[in-house]
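I have placed the structure first, in the form of structure tokens, so that the comments after it can refer back to it.
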Protein chains: 2
Amino acid sequence: MRINFSAALAALLLTLCATAAAADEDGYDLWLRYRPLDRAAQANVQSQARSIVLPGASSPTTQAAVAELQRGLAGMLGKAPAPASRIADGALLLATPARLPELAAAASPLRAELATLGNEGYLLRQTRVQGHNVTLIAANSDIGLLYGAYAWLRDAGTGAKLEASSAPKLSLRLLNHWDNLDRTVERGYSGQSIWDWWALPDIKDQRYTDYARANASLGINGTVLNNVNSKPEVMTAPFIAKAAAVADVLRPYGIKVYLSARFSTPLELKETSTADPLSPEVRAWWQRKADEIYKAIPDFGGFLVKANSEGQPGPQDYHRTHADGANMLAAAVAPHKGIVMWRAFVYAPKGAHLADDRARQAYEEFKPLDGTFAANVLVQVKNGAIDFQPREPFHPLFGAMPKTPLMMEFQITKEYLGYSTDMAYLGTLFEETLESDTKTAAGAVANTLSGMAGVANIGSDRNWAGSQFDQSNWYAFGRMAWNPQAKARDIAVEWAALTFGPDKRVVPPIVDMMMLSRETVVNYMTPLGLHHIMGTSHHFGPAPWVDNLERPDWNPVYYHRASRDGIGFDRTTKGSNALEQYAPEIARQYADPKTTPQQYLLWFHHLPWDYAMPSGRTLWAELLTRYDQGLADARALHARWVALKPLIDARRYTEEEQRLTRQVNNAILWRDACIAYFQSVSGLALPPGVQAPAHPLDYYKSLSYPYAPGRG
Amino acid sequence: MRINFSAALAALLLTLCATAAAADEDGYDLWLRYRPLDRAAQANVQSQARSIVLPGASSPTTQAAVAELQRGLAGMLGKAPAPASRIADGALLLATPARLPELAAAASPLRAELATLGNEGYLLRQTRVQGHNVTLIAANSDIGLLYGAYAWLRDAGTGAKLEASSAPKLSLRLLNHWDNLDRTVERGYSGQSIWDWWALPDIKDQRYTDYARANASLGINGTVLNNVNSKPEVMTAPFIAKAAAVADVLRPYGIKVYLSARFSTPLELKETSTADPLSPEVRAWWQRKADEIYKAIPDFGGFLVKANSEGQPGPQDYHRTHADGANMLAAAVAPHKGIVMWRAFVYAPKGAHLADDRARQAYEEFKPLDGTFAANVLVQVKNGAIDFQPREPFHPLFGAMPKTPLMMEFQITKEYLGYSTDMAYLGTLFEETLESDTKTAAGAVANTLSGMAGVANIGSDRNWAGSQFDQSNWYAFGRMAWNPQAKARDIAVEWAALTFGPDKRVVPPIVDMMMLSRETVVNYMTPLGLHHIMGTSHHFGPAPWVDNLERPDWNPVYYHRASRDGIGFDRTTKGSNALEQYAPEIARQYADPKTTPQQYLLWFHHLPWDYAMPSGRTLWAELLTRYDQGLADARALHARWVALKPLIDARRYTEEEQRLTRQVNNAILWRDACIAYFQSVSGLALPPGVQAPAHPLDYYKSLSYPYAPGRG
């Protein structure tokens, strides 16, 4: 009762406010704002939800679905119908075949459609049931009903048509939290970890429930609670109890809990004498540990492992393979139907032989292991072969391991794209990778891509994501994990309407800003296929000059290879030949700079400064043009937002205006520093009309960013 | 307009809600909730505020005052009067002598009263002005008007009488943030630092303004932004610009910004060759640095310094005195009217001679320096001689430095009292210290106590303080800094009414809980004057057995000195004679265990286990009784809260219920572990009726708390 009443009053409040300026919002409600609809939309929605009917006994999941429908209707309409027990005209009916025998009947026209939707799919349909006109949310399971409820609310809130059916194309749709047990977050730019490990398990923050709601609304069905750079303590009884408390909150929303496992855990806890994956002692320890975890969390998802990468322990410490390590853990969780996600982000350990090209390494290590992994192991591969750069070609492992199910790992948090201050809608990045993947490695990928993992940008900040617009990246990830063929623009339209209201004066300009934003960042940071030229460690700001780090492949100069003669990393047969790792049609296309997409040009080719670009400009002039374009577009983003001021509530307007102002300054910094540096290398003059950097190169080199966030 | 309208609607919402269960609150509004009054109170308040009149030009400070009055009235009454330019019957009139000549007139009866109130005092009076009945908020300055406005709102919200005058008894009322530049907070249990150094100066969170409002409402007039364990970078241009952005937000609210200075800053920044305070190079550097800071922050407050303590650099590194160091910095800020607060929390540096008793050390170092400090130096002394223990006798330096202005440093954050999970209202701790101080060292203290500093418990948590009840400690600190003679119970009544509403069924039981709470913690942690027996480093949980730390005075066994023959630290002439540092009347009283308050018994005396207590019990039996009392009272706190369930909104009820459940478990842990340990030492049996600890001593010794919060 309390929820309904408050929500109804909140709706009243907002209706009364509608004539005044928009009320301030802090972003906590994410895309589940449920603000009052206009009169016509209200009438339409109301006609479909005069009552809410759930045949059969309620479950925690259907309770969540009904509560969300009531919350949403109270917000959008000003009042919500109470649950009713009998089907009547205008009912919003939630039903599974088990709950409503009509759906299971051979004569039912929906039976066949439902059969195609699997355990998690749903359909929304205006139809007749028991002689009444109803709006039906149907699914094969309660979780399908919850997903359907969110879909129905989303459609109601955006004015989209209220008739659809949908099922997820990938079975694993996970967030990866790089959250440490001390609540710092590696590469986190939105406050602390939302997991208050200290307060758990006794104290369960309301935020955990709202986190579950937001994720369920997107269809995310799993979350790895802790950083891939994991600690042994997470596998001890106190932390298992804490994880179990989180799992209890998330369970009704269809979200399984997973943990990142440190490979050397039993050894470091001094409970075994080795961490060798073939040691019976070690195998028995993990088996017992899995049993202990499943006792506390019966639907525990499994382990995510970063092994033999960047100093993390792993099976190679014992001269075993990644498959030996993964399969040992897989055997421990298999009796409980758990899985192991084994990350392919590896590069040669310190002191070992370095591949000539770091981009080659994961493929070289993992491709030979295809077919050797246990059935419940997935290999989790980053979207690109280096590391979450503003733009990378897709990772060559996609399509190269036909016998191994793969996860694609995207980074939602913007480690390399301006943290949570710069606007960069990543829907276009996700789309670009998923599209190129589909186009180029065809069947093999489609058959083996089993899930998507997104490194979360969620933190304790009131707005969850560090900025209002960074919420869209969480949203886009979730929507694309459900449907990897979804279009970034469609998702942006949906998100903008849900987040700022379905106002035709607001949504299109915001969508245009979003669609422009990531390309803007690419242009002022790393145009034309440049990559990994950012500051050391914190990864903020330009530092293409860095050449003194311990490992060659930590240095920006390793990647851009700029010199008096030209710029770019030659990955053709004349160079590292990383191209050979791609399917032949791709390798052929990218072997020639003329047929290589310009956006990847310097990723694959080292070219002279006077190389003739399709624009008619030299490469040098083109590079300068791109940097200028990035800055101009950053300024345009700010100007477009300022033009929206009368239509946005003051709080969110001001928050984003301050960030876009900062972004312009960041763009100037990147443009000027990179131009100053590359000019010092090329020795070329700036063409007429190109503004010289504001400071000499040494100034940019002298800048430092102590206490930058995100270093966990 | 936006604020008024939203506030009015919020009030309407709440009025409509009044018949239902209380609406959920998350605590963000602190004690400035301004919820609707009952009808009679509304009529009374409304009659005094039919209009708001501010003669003369508005200033940022009067704008803040008028906005707060409008916000408060909109909330409490459902609507707020607009500012009016003419005085009329029923006006709420804000005036200074400069704004309203009548107040300055020789004939004004208020002139003399105002003259006694200083720059920051105010008076509230129902009187006649220009022939109209008005409610007058009068002060000598705009900041006095702001303080008066908050006082008037506080009275209106609690139903207290609306007529008073008040002026602060201490001129410096400061928060000390132990906040690091990476947003971790040393001894912080409420999220990250509220200062988002990375986002500053461009991005200024709304929270900074609400922080200023909350502090101004208590009369807090200064804040040290960064940890006393400071870093050199805070004195560099980028961080000065960030501090200046914060100062700009706080300035209208009468709050000055201060910074903690690391003594070796110029040396560590490689801008001098030494940090010797007598070096002309060093003196010139700090002078230039002060000039640079004051250029950015014209009303910068000054420096707080922790020197030669716990590894921090200081003047003793150069064989100079604390006075040499403090006076050097004081000379740098003196031309700008800045001050230096020099902390007296020192104990012998590693490797140096250890005093026989750490409690003696600050006095031994600082007493001889009395009279040698520059006029703009204050010595900041913790409330007790060890370190913010659940209970300590007041620090002997109070009363011992008649020629030096002193600050008293309290810890609002509960490093030693159960973090932000256990309920412990510190008003009683503050009162106990301030009372004993006043009683015992009389004139000397009153004449030299110039300020109070509270180590803040404020963080990024939505509720600011880590729990709803921890807000009361911020509140009590502020109210006592304004008036050190204020009573803890009165403050609790005020806070509870503002925080949970002036409901007679709610306020008295909550106040009773608060008044019981800190004694409860003392009893289950450190009864009878025990101290410093907590876990190493994180300071959580019991660890009286620890005896293996590098320095003797880091070990709990150093403090409790329990052995087969008895327990307690002998600080009489037979022991360390720390008592000699107190005024003779105190030293005499505490020299005899029979006349020593029981709460300090084992602080000053080592007594046999069979020592006869006034209760008739042996010391051993009394100790057990206290531990049992602490646990019983923790259970009582929980039970009393549960009884209030129907009267508290669900969210705040649940949050606190979970914490009180945890507190009972913490109390069991402390009781059982301490009894198990002290029994192992005393070798004595438990008397009949005393429950044995649930586990053997080794179990308690085996517990560890990895990743405990607050280690910054």
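If we keep just the residues of region A:655-710 that are of a type in the set (D, E, K, R) and farther than 18 Å from residue B:200 by Cβ, which is farthest from the chain's Cα centre (by Cα)?
So, considering only residues that are of a type in the set (D, E, K, R) and farther than 18 Å from residue B:200 by Cβ, the one farthest from the chain's Cα centre (by Cα) is A:698.
For region A:541-555, which positions are outside any loop (DSSP other than H, G, I, E, B) and either under 12 Å from residue A:701 (Cβ atoms) or free of Cβ contacts under 8 Å to residues at least 12 places away in the same chain (or both)? So that I can check it myself, show each step before the final result.
Applying the first criterion (outside any loop (DSSP other than H, G, I, E, B)) to region A:541-555 yields A:542, A:552-554.
Across region A:541-555, the qualifying residue is only A:542.
In this structure, is residue B:481 open to solvent by less than 10 Å² (accessible area, probe 1.4 Å), part of a helix (DSSP H, G or I), more than 16 Å from residue B:429 (Cβ to Cβ) and modelled with pLDDT of 95 or more?
When the stated conditions are applied, residue B:481 does not pass them.
Can you find, within region B:593-611, the residue that is farthest from residue B:563 (Cα to Cα) among those that are of a type in the set (Ser, Thr, Tyr) and either part of a loop (DSSP other than H, G, I, E, B) or in the same structural domain as residue B:429 (by TED's automatic domain parsing) (or both)?
B:595
Across region A:192-224, what is the total count of residues that are among the hydrophobic types (A, V, I, L, M, F, W, C) and closer than 16 Å to residue A:257 by Cα?
9
Could you please find all residues in region B:63-112 being hydrophobic (A, V, I, L, M, F, W, C), part of a loop (DSSP other than H, G, I, E, B) and within 20 Å of residue B:154 (Cβ to Cβ)?
To start, the set of residues in region B:63-112 that are hydrophobic (A, V, I, L, M, F, W, C) comprises B:64-67, B:69, B:73-74, B:76-77, B:80, B:82, B:84, B:87-88, B:91-95, B:98, B:100, B:103-107, B:110, B:112.
Narrowing further to those that are part of a loop (DSSP other than H, G, I, E, B): B:80, B:82, B:87-88, B:98, B:100, B:105-107.
If the condition is that a residue be hydrophobic (A, V, I, L, M, F, W, C), part of a loop (DSSP other than H, G, I, E, B) and within 20 Å of residue B:154 (Cβ to Cβ), then B:80 is the only one that fits.
Which one of these is more than 23 Å from residue B:173 (Cα to Cα), open to solvent by 10 Å² or more (accessible area, probe 1.4 Å), at pLDDT 95 or above and more than 14 Å from chain A (Cβ to nearest Cβ): B:502, B:527, B:508?
Only one candidate qualifies: B:508.
Looking at (1) in contact with a His (Cβ under 8 Å, 6 or more places away or on another chain); (2) open to solvent by 10 Å² or more (accessible area, probe 1.4 Å), which is the one condition that is false for residue A:205?
That leaves (1) as the condition not met.
Within region A:114-131, which residues are charged (D, E, K, R) and closer than 20 Å to residue A:219 by Cα? Steps first, answer last, please.
If we filter region A:114-131 for residues that are charged (D, E, K, R), which is where we start, we get A:120, A:125, A:128.
The answer is A:120, A:125.
Residue B:403 - would you say it is of a type outside the set (Val, Ile, Thr) and under 22 Å from residue B:339 (Cβ atoms)?
yes
If you take the residues in region A:31-62 that are touching a helix residue (DSSP H, G or I) at 6+ places or on another chain (Cβ under 7 Å) and in a helix (DSSP H, G or I), which one is farthest from residue A:103 (Cα to Cα)?
Going through the qualifying residues, I end up with A:42.
Tell me the strands (runs of 3 or more DSSP E) entirely within region B:125-187 that contain at least 3 residues that are away from every other protein chain (no Cβ under 14 Å) and open to solvent by 20 Å² or more (accessible area, probe 1.4 Å).
B:164-166
Among the listed residues A:694, A:636, identify the single one that is aliphatic (A, V, I, L, M) and open to solvent by 50 Å² or more (accessible area, probe 1.4 Å). Break it down into steps so the answer makes sense when it comes.
Values: A:636 fails: open to solvent by 50 Å² or more (accessible area, probe 1.4 Å).
The match here is A:694.
Can you give me the number of residues within region B:565-590 that are buried (at least 17 other Cβ atoms within 10 Å of the Cβ) and closer than 23 Å to residue B:626 by Cα?
Going through region B:565-590 one residue at a time, the tally reaches 7.
Kindly indicate which of B:83, B:109, B:60 is modelled with pLDDT under 95 and within 25 Å of residue B:249 (Cβ to Cβ).
B:83
I'd like to check something: does region B:543-552 contain any residue that is open to solvent by less than 40 Å² (accessible area, probe 1.4 Å), assigned by TED's automatic domain parsing to the domain that holds residue B:644 and more than 29 Å from residue B:638 (Cβ to Cβ)?
yes
Give A:354, A:397, A:378 a once-over and let me know the one that is at pLDDT below 95 and either assigned to a strand (DSSP E or B) or surrounded by fewer than 24 Cβ atoms within 10 Å (Cβ to Cβ) (or both).
Among A:354, A:397, A:378, only A:354 is at pLDDT below 95 and either assigned to a strand (DSSP E or B) or surrounded by fewer than 24 Cβ atoms within 10 Å (Cβ to Cβ) (or both).
Which of the residues spanning region B:672-690 are closer than 10 Å to residue B:624 by Cβ and either without any contact (Cβ under 8 Å) to a residue 40 or more places away in the chain or surrounded by 13 or more Cβ atoms within 10 Å (Cβ to Cβ) (or both)? Please lay out each step first, then the result.
First pass over region B:672-690, keeping only residues closer than 10 Å to residue B:624 by Cβ: B:674-675, B:678-679, B:684, B:686-687, B:689-690.
Within region B:672-690, B:674, B:675, B:678, B:679, B:684, B:686, B:689, B:690 meet the criteria.
Taking the condition of being farther than 19 Å from residue B:406 by Cα, touching a residue at least 60 places away in the same chain (Cβ under 8 Å) and not polar (S, T, N, Q), how many residues in region B:311-352 meet it?
In the first step, residues of region B:311-352 are kept if they are farther than 19 Å from residue B:406 by Cα; the result is B:311-320, B:332, B:335-336, B:348-352.
Narrowing the set further to residues that are touching a residue at least 60 places away in the same chain (Cβ under 8 Å) leaves B:312, B:350.
So of that shortlist, the ones also not polar (S, T, N, Q) come out as B:350.
Number of matching residues: 1.
Residue-by-condition table, conditions (1) within 11 Å of chain A (Cβ to nearest Cβ); (2) under 21 Å from residue B:453 (Cα atoms); (3) touching a residue at least 40 places away in the same chain (Cβ under 8 Å):
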position: B:208; (1), (2), (3): no, yes, yes
position: B:214; (1), (2), (3): no, yes, yes
position: B:220; (1), (2), (3): no, yes, yes
position: B:223; (1), (2), (3): no, yes, yes
position: B:234; (1), (2), (3): yes, yes, yes
position: B:239; (1), (2), (3): yes, no, yes
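Here's the yes/no breakdown for (1) in contact (Cβ under 8 Å) with a residue 24 or more places away in the chain; (2) over 14 Å from residue A:332 (Cα atoms); (3) assigned by TED's automatic domain parsing to the domain that holds residue A:380; (4) hydrophobic (A, V, I, L, M, F, W, C):
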position: A:257; (1), (2), (3), (4): yes, yes, yes, yes
position: A:270; (1), (2), (3), (4): no, yes, yes, no
position: A:289; (1), (2), (3), (4): yes, no, yes, no
position: A:295; (1), (2), (3), (4): no, no, yes, no
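Could you check region B:647-669 and list, in sequence order, the residues that are farther than 20 Å from residue B:528 by Cα and either without any contact (Cβ under 8 Å) to a residue 60 or more places away in the chain or more than 13 Å from chain A (Cβ to nearest Cβ) (or both)?
B:647, B:653, B:654, B:657, B:658, B:661, B:664, B:665
Select, from B:492, B:497, B:562, B:488, the only residue that is buried (at least 22 other Cβ atoms within 10 Å of the Cβ), more than 28 Å from residue B:637 (Cα to Cα) and in contact (Cβ under 8 Å) with a residue 24 or more places away in the chain. Full working, then the answer.
Details: B:492 fails: more than 28 Å from residue B:637 (Cα to Cα); B:497 fails: more than 28 Å from residue B:637 (Cα to Cα); B:488 fails: more than 28 Å from residue B:637 (Cα to Cα).
It is B:562.
The values are calculated or read from the model by the stated rules, or taken from the named source; none is laboratory data. Just so you know, these numbers come straight off a predicted model, no measurement behind them. Methodologically, a virtual Cβ is constructed for each residue, glycine included, from the backbone with ideal geometry; neighbour enumeration extends over all protein chains shown. We work out accessible area using only protein heavy atoms, side chains counted, and drop any ligands, DNA or RNA first. Shrake-Rupley method; radii C 1.70, N 1.55, O 1.52, S 1.80 Å.
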